[in-house]
Amino acid sequence: MTGKEATTMTVRAMGGLLGVKKTESYYLVNKKVFETVMIAGQLRVVKASFEEWYARQDWYKKVDGEPPGAELHSNMYSIF
């Protein structure tokens, strides 16, 4: 083992990050909101793509981690 960090995660791991169950995890995958790949017959979520999506939305929140929508809120404008 070379100690490289994985660039993908399982759909189950992605659901665990967001605190959602299997049905909602696959709902997000099927909406194609982030990039997925098949590796050895297993559907996996590309971590970089997931993090980009997470920064652009504010509905789903990670169980442990930064709040969602960092990029979304940095680009908002207000009249106040």
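The values are calculated or read from the model by the stated rules, or taken from the named source; none is laboratory data. Quick caveat, the model's predicted, so the values are computed rather than measured. Protein only, heavy atoms only, side chains kept; ligands, DNA and RNA dropped before computing areas. Shrake-Rupley method; radii C 1.70, N 1.55, O 1.52, S 1.80 Å.
At 1.4 Å probe size, what's the solvent-accessible area of ASP58? Round to the nearest 10 Å².
The accessible area comes out at roughly 80 Å².
Ordering THR23, THR8, THR36 from largest to smallest accessible area (1.4 angstrom probe), what's the sequence?
Ranking THR23, THR8, THR36 by accessible area, largest first, yields THR23, THR36, THR8.
Please give the contour-minus-distance gain from VAL37 to THR10: 0.36 nm per residue of separation, less the Cα-Cα distance, rounded to one decimal in nm.
Between VAL37 and THR10, full extension yields an extra 8.7 nm.
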